[in-house]
Amino acid sequence: MIALTLAEVAAATGGRLADVTDPQAQVTAPVVVDSRKVEPGGLFAAFLGERVDGHDYAERAIAAGAVAVLAERPVGVPAVLVENAQTALGLLTRAVAERAKAVRTVALTGSAGKTSTKDLIAQLLERIGPTVYTEGSLNNELGLPLTVSRVEESTRHLVLEMGARHKGDIAYLTGLVRPSIGLVLNVGSAHLGEFGSKEGIAEAKGELVESLAEDGVAVLNADDPLVRAMAARTRARVVFFGEGREAQVRAQDVRLDSTGRPSFTLITPAGSAPVQLRLYGEHHVSNALAAAAVAMELGLSVDDTAAALGEAGALSRWRMEVTERADGVTIVNDAYNANPESMRAALRALATMGGRGPERRRTWAVLGEMRELGEESLDEHDAIGRLAVRLDVTKLVAVGGREAACMELGARNEGSWGEESVLVSDAEAAVELLRGQLRPGDVVLVKASRSVGLEKVAEALLAGGDAR
């Protein structure tokens with residue numbers, strides 16, 4: 001972290017020092033909320049959670065090297081006492097961001113693809129300067145401050161993923177750290193139950209571009225009408241990406257190889273270059289274009305951007321992780337999260353990986369429920385089941401309760417599959433089924449909303465040895 005004395009931390013958070021012998025002692029390492037992750041010189045923020053109270057771990061954090069604890073009550077060790085730890089952490093984040101004058105901040109949001117795109121941007125920007133970026137999907141009012149606290153004097157780029165479950169969430173986050181580049185990927189059905197409509201989601205996502213100053217840049221998806229319309233909501237200069245000709249950064253000649261990895265020609269105002277991605281699925285073309293638009297705004301050349309895209313991999317787990325077992329069974333673990341848009345993209349990638357003709361491999365879609373879809377939930381699950389049939393997926397294994405049953409029924413109604421689709425109750429039942437029926441060469445996609453926990457299926461299949 002950019003160094004702050006305990007006195008400065010107290011001033012920034014509106015807190016007071018307790019049990020502190022040296023107010024000038026400096027916090028130089030990141031803020032953490034897990035005492036096991038404390039680094040020497042860091043700050044431990046104690047939160048009262050549903051299961052544990054962080055205040056109970058204050059002594060352990062100091063013993064591990066924390067300079068002090070950000071706490072809501074005295075803890076018997078050096079502390080900055082505040083009324084509300086979450087509010088204080090936000091105020092501290094703002095203070096750190098104000099000191100990071102040399103840092104260019106990129107913020108991105110969208111209904112699908114945020115984490116994959118964030119990972120791409122981080123890998124591109126690392127080529128031109130030290131870069132701090134959101135780990136995994138820590139994209140809320142707690143995760144963002146933890147990310148910002150990792151900024152150092154040498155940092156040149158800060159890449160922040162921003163999520164929203166309510167109107168005003170992104171406005172709050174951009175109030176802590178003002179981005180110079182704001183990227184909106186898409187507006188889909190994720191959290192439709194919270195916002196009520198796609199227009200409501202667009203209203204919330206658009207808070208990002210509204211936060212940009214006149215000298216900022218809004219990078220918008222020209223292929224998504226709700227995102228394209230956000231150009232009217234920002235004072236910043238607008239750069240469009242997409243596959244249509246109106247986009248300044250676009251893709252031509254998009255192709256997929258036999259493994260489902262896309263290639264295309266990157267077209268920009270500064271020239272063009274061929275790109276071959278290591279990532280799986282055609283949906284990553286849009287993510288790559290978004291990352292390219294951001295990187296080129298920050299000084300990366302067309303050729304270097306194309307080369308970096310070709311070398312970039314997935315930094316976050318359970319997002320189209322492709323692993324081939326010794327017997328030739330391929331497991332695609334995309335179980336981190338799911339919404340209708342990402343589910344469709346994953347199914348199309350699975351179909352491509354299966355191939356065509358006499359060499360076609362059997363494909364299995366092990367799909368769980370998509371949560372937070374509101375009144376559209378049953379229709380959306382039905383549509384996913386029907387899509388699996390239209391894509392000629394060999395077998396659908398729907399996992400879960402009512403929504404999963406609707407998905408499986410949709411498949412039956414679309415194609416009269418008979419035993420080619422099946423409903424099972426949970427991950428364990430899915431594993432038992434697959435272990436008994438998989439054979440060498442099969443491709444298995446595992447995907448569901450995070451709370452379903454279907455990553456257990458992928459992990460069990462990878463640990464279970466060869467197919468029978």
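The values are calculated or read from the model by the stated rules, or taken from the named source; none is laboratory data. Fair warning: this is a prediction, and the values are worked out from it, not measured in the lab. Glycine also receives a Cβ, built like all others from the backbone with ideal geometry; neighbour counts cover every protein chain displayed.
Gly310 passes every criterion in (1) assigned to a helix (DSSP H, G or I); (2) touching a residue at least 60 places away in the same chain (Cβ under 8 Å) apart from (2).
For (1) under 21 Å from Val184 (Cα atoms); (2) under 17 Å from the mean Cα position of the chain (by Cα); (3) not aliphatic (A, V, I, L, M), each residue gets a yes or a no:
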site	(1), (2), (3)
Ala251	yes, no, no
Thr265	no, no, yes
Leu277	no, no, no
Leu289	yes, yes, no
Leu298	yes, no, no
Asp303	no, no, yes
Leu309	yes, no, no
Trp318	no, yes, yes
Gly328	no, no, yes
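Using the structure shown, decide if Arg319 is within 23 Å of Asp224 (Cα to Cα) and out of contact with any Cys (no Cβ under 8 Å at 6 or more places or on another chain). Yes. Consider the stretch 296-331 and keep the residues that are buried (at least 21 other Cβ atoms within 10 Å of the Cβ) and at pLDDT 95 or above. The one that is nearest to Leu462 (Cα to Cα) is Ile331. Please specify each residue of the stretch 338-377 satisfying the condition of being among the acidic types (Asp, Glu) and surrounded by fewer than 22 Cβ atoms within 10 Å (Cβ to Cβ). Result: Glu341, Glu359, Glu372, Glu375, Glu376. Residues satisfying the criterion are absent from the stretch 224-247 (criterion: in a loop (DSSP other than H, G, I, E, B), in contact (Cβ under 8 Å) with a residue 60 or more places away in the chain and not hydroxyl-bearing (Ser, Thr, Tyr)).
Restricting the first member to the stretch 95-107 and to residues that are in contact (Cβ under 8 Å) with a residue 24 or more places away in the chain, and the second to residues that are polar (S, T, N, Q), the beta-carbon pairs closer than 7 Å and six or more apart or on different chains are Val96/Ser149; Ala100/Thr155; Val103/Thr155; Arg104/Ser180; Thr105/Ser180; Ala107/Thr174.
Among the residues of the stretch 39-73, those identified as of a type in the set (A, V, I, L, M, F, W, C), part of a loop (DSSP other than H, G, I, E, B), surrounded by 14 or more Cβ atoms within 10 Å (Cβ to Cβ) and more than 26 Å from the chain's Cα centre (by Cα) are Ala64, Ala66, Val67.
Among residues of the stretch 39-60 that are in contact (Cβ under 8 Å) with a residue 24 or more places away in the chain, those with a beta-carbon under 8 Å from a residue that is in a helix (DSSP H, G or I) and aromatic (Phe, Trp, Tyr) at least six positions away or on a different chain give the pairs Phe44/Tyr57; Ala46/Tyr57.
Quick one: would you say Leu387 is surrounded by 24 or more Cβ atoms within 10 Å (Cβ to Cβ), aliphatic (A, V, I, L, M), at pLDDT 95 or above and not assigned by TED's automatic domain parsing to the domain that holds Gly196? Considered against the rule, which asks whether it is surrounded by 24 or more Cβ atoms within 10 Å (Cβ to Cβ), aliphatic (A, V, I, L, M), at pLDDT 95 or above and not assigned by TED's automatic domain parsing to the domain that holds Gly196, Leu387 comes out as no.
Candidates are the residues of the stretch 112-126 that are out of contact with any strand residue (DSSP E or B) (no Cβ under 8 Å at 6 or more places or on another chain), of a type outside the set (A, V, I, L, M) and assigned to a helix (DSSP H, G or I); the one that is surrounded by the most Cβ atoms within 10 Å (Cβ to Cβ) is Ser116.
Every residue, every condition in (1) farther than 21 Å from Phe240 by Cβ; (2) of a type in the set (S, T, N, Q); (3) in contact with a strand residue (DSSP E or B) (Cβ under 8 Å, 6 or more places away or on another chain); (4) in a helix (DSSP H, G or I), yes or no:
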| residue | (1), (2), (3), (4) |
| --- | --- |
| Ala290 | no, no, yes, yes |
| Met296 | no, no, yes, yes |
| Gly299 | no, no, no, no |
| Leu315 | yes, no, no, no |
| Glu380 | yes, no, no, yes |
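Val322 meets each of the listed conditions (1) out of contact with any Leu (no Cβ under 8 Å at 6 or more places or on another chain); (2) under 30 Å from Val103 (Cα atoms); (3) touching a residue at least 40 places away in the same chain (Cβ under 8 Å); (4) assigned to a strand (DSSP E or B) apart from (2).
Restricting attention to the stretch 23-38, does a residue exist that is outside any loop (DSSP other than H, G, I, E, B), outside the structural domain of Arg150 (by TED's automatic domain parsing), touching a residue at least 60 places away in the same chain (Cβ under 8 Å) and surrounded by 14 or more Cβ atoms within 10 Å (Cβ to Cβ)? Yes, that holds for at least one residue. Do we have Ala335 as touching a strand residue (DSSP E or B) at 6+ places or on another chain (Cβ under 6 Å), assigned to a loop (DSSP other than H, G, I, E, B) and either surrounded by 18 or more Cβ atoms within 10 Å (Cβ to Cβ) or at pLDDT below 95 (or both) here? Here the answer is yes, as Ala335 does meet what is asked.
The numbered conditions (1) under 30 Å from Pro130 (Cα atoms); (2) in contact with a Phe, Trp or Tyr (Cβ under 9 Å, 6 or more places away or on another chain) are all true for Gly374 except (1).
If you go through the stretch 77-103 and pick out every residue that is in contact with a helix residue (DSSP H, G or I) (Cβ under 9 Å, 6 or more places away or on another chain), assigned to a loop (DSSP other than H, G, I, E, B) and under 20 Å from Gly49 (Cα atoms), you end up with 1. The set of residues in the stretch 210-223 that are crowded, with 16+ Cβ neighbours inside 10 Å and either in contact (Cβ under 8 Å) with a residue 60 or more places away in the chain or over 21 Å from Ala288 (Cβ atoms) (or both) comprises Glu210, Ser211, Leu212, Gly216, Val217, Val219, Asn221, Asp223. Residues that are within 12 Å of Gly110 (Cβ to Cβ) and surrounded by 23 or more Cβ atoms within 10 Å (Cβ to Cβ) within the stretch 179-188 comprise Gly182, Leu183, Val184, Leu185, Asn186, Val187, listed in sequence order. Residues that are acidic (Asp, Glu) and not in a loop (DSSP other than H, G, I, E, B) within the stretch 384-428 comprise Glu403, Glu408, Glu414, Glu419, Glu420, Glu428, listed in sequence order.
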